[in-house]
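This report concerns only the one structure given below.
The values are calculated or read from the model by the stated rules, or taken from the named source; none is laboratory data. Everything numeric here is computed off the predicted structure, so don't read it as measured data. Here Cβ is always computed from backbone atoms with ideal geometry, including for glycine, and neighbour counts include all displayed protein chains. Only protein heavy atoms, including side chains, enter the accessible area calculation; ligands, DNA and RNA are left aside. Shrake-Rupley method; radii C 1.70, N 1.55, O 1.52, S 1.80 Å.
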Amino acid sequence: MHDPAVLRNLHRDRYHAEPALFAAPGRVNLIGEHTDYAEGFVMPAAINFATLAAISPRSDGKIAIYSENYEEEKSYDAAALPAKGIGHWSDYPMGVVSILAGEGHRIPGFSLTIWGDVPLGSGLSSSAAIEVATALAVLSQVGAEYPGPVLARLCQRAENEYVGSSCGIMDQFISINAKENHALLLDCRDLSYKLAPIPDHVALVIANTMVKHSVAGGDYPTRRRESEAACAIIASHRANVPFLRDATLEDLEKWGSEMEPKPLMRARHVIGENLRTVAACEALLRGDMKELGRLMAEAHQSYSGDFEGSCVEADAMVELAQGLPGLIGARLTGGGFGGCTVNLVEQKEAAGFAAELGKRYTARFGIVPQIHVCHASSGAHRLA
Ligand code: GLA
């Protein structure tokens, strides 16, 4: 994580005011992909990359937001908030401001400096980290607080309603509710969750294919629509299947023939993935790393095959990890079509694993991947 003292100085120099500081982490999803918007299960962990936010009040009614990553400032009038995003980085923080205003909070003028080290467009939820850091910062000015699950829903709405991306709730939820050294099994229907300790001997090795990922782009919403089309066919036969969470593999056997081929494949992924995710949490809880690794491998195959959510580089990154000393399980993580793989690796082998995987990937593609040995971090909080 970036040094908060540096952010404080940046903010002081620019705005001549003493800020309150907040941090919100990015995440890696161990298993459960494209299940959140189907009201199913996901099992992410927060990582030691975060967005930091520094905030101080202003008396001129303006909202000034400076991004150190983009080296740009954008300013808005607190009394005339835009209703929708404008396709700019400031949409993410402003989406949160707009949703909080819609909840009845009077938004005062403030200066906000944001600075993150969550790699952008890598499927590690840099957007959610910005939203959550902003939410905590703005709430501190408004003098309000929300329970974690409620705040996660507000941040998700910022992205759905203001930014215009159709993401589910996983990323915002884990950024707020994560616990150090734990993965979190989330039931995306009622937002109940279970924490599962990640044993000390296991490292999270995150390997960036360097292929850009985007939720707002075309493929993510297409996959979501295809899954929902499959669900509608099942629902036309069987009541109480509003989401694929409620569907079974038997439903696909019975009515899959009425589906177009792509929706059938997407549904097979989502239904199987829900089962795998619950089983993976049980495996982690009883310390059965072999079974967890097997489920991750199966999940990757399904994500790449039935869901067609992977890409050549991500498939190769998973394949190249096979047989390396210490590997427990590997799969593409996050929204798909690029981004990072997550590798569970024996801690004592992690550095060697990362080096060798990088070498193999560079030999295959001529691209040097960023590979990070991470640990599961705590959720968003105030720093000072
Ligand atoms: C992105 C979205 C999440 C989730 C994943 C896929 O990260 O923001 O809500 O749908 O993709 O599992």
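The set of residues in the stretch 318-342 that are under 21 Å from Ala183 (Cβ atoms), of a type outside the set (Gly, Ala, Ser) and touching a Ser or Thr at 6+ places or on another chain (Cβ under 8 Å) comprises Val318, Arg331, Leu332, Thr333, Cys340, Thr341, Val342.
Meeting the requirement of 1 or more residues that are within 16 Å of the ligand (Cβ to nearest atom), the strands (runs of 3 or more DSSP E) wholly within the stretch 7-78 are 20-31, 41-57. Here Ser192 clears all of (1) surrounded by fewer than 22 Cβ atoms within 10 Å (Cβ to Cβ); (2) within 11 Å of the ligand (Cβ to nearest atom); (3) hydroxyl-bearing (Ser, Thr, Tyr) except the condition numbered (2).
Which of the residues belonging to the stretch 123-168 are open to solvent by less than 10 Å² (accessible area, probe 1.4 Å) and among the polar types (S, T, N, Q)? Listed by number, the residues that qualify are Thr134, Ser165.
Go through the stretch 168-191 and give me each residue that's in a loop (DSSP other than H, G, I, E, B) and of a type in the set (Asp, Glu). Matches in the stretch 168-191: Glu180, Asp190.
Of the residues examined, Gly109 is not one that is within 16 Å of the ligand (Cβ to nearest atom) and touching a Gly at 6+ places or on another chain (Cβ under 9 Å). Of the residues making up the stretch 203-241, those that are more than 16 Å from the ligand (Cβ to nearest atom) and either assigned to a helix (DSSP H, G or I) or more than 21 Å from the chain's Cα centre (by Cα) (or both) are Ala229, Ala230, Ala232, Ile233, Ile234, Ala235, Ser236, His237, Arg238, Ala239, Asn240, Val241.
Could you please find all residues in the stretch 158-167 being outside any helix (DSSP H, G or I) and either of a type in the set (S, T, N, Q) or away from the ligand (no atom under 16 Å from the Cβ) (or both)?
Going through the stretch 158-167, the residues outside any helix (DSSP H, G or I) turn out to be 164-167.
The answer is Ser165, Ser166.
Of everything listed in (1) open to solvent by less than 50 Å² (accessible area, probe 1.4 Å); (2) within 16 Å of the ligand (Cβ to nearest atom); (3) among the hydroxyl-bearing types (Ser, Thr, Tyr); (4) in a helix (DSSP H, G or I), the single unmet condition for Tyr92 is (1).
For Lys74, indicate whether it is touching a residue at least 40 places away in the same chain (Cβ under 8 Å), open to solvent by 50 Å² or more (accessible area, probe 1.4 Å) and at negative phi.
Here the answer is no, as Lys74 does not meet what is asked.
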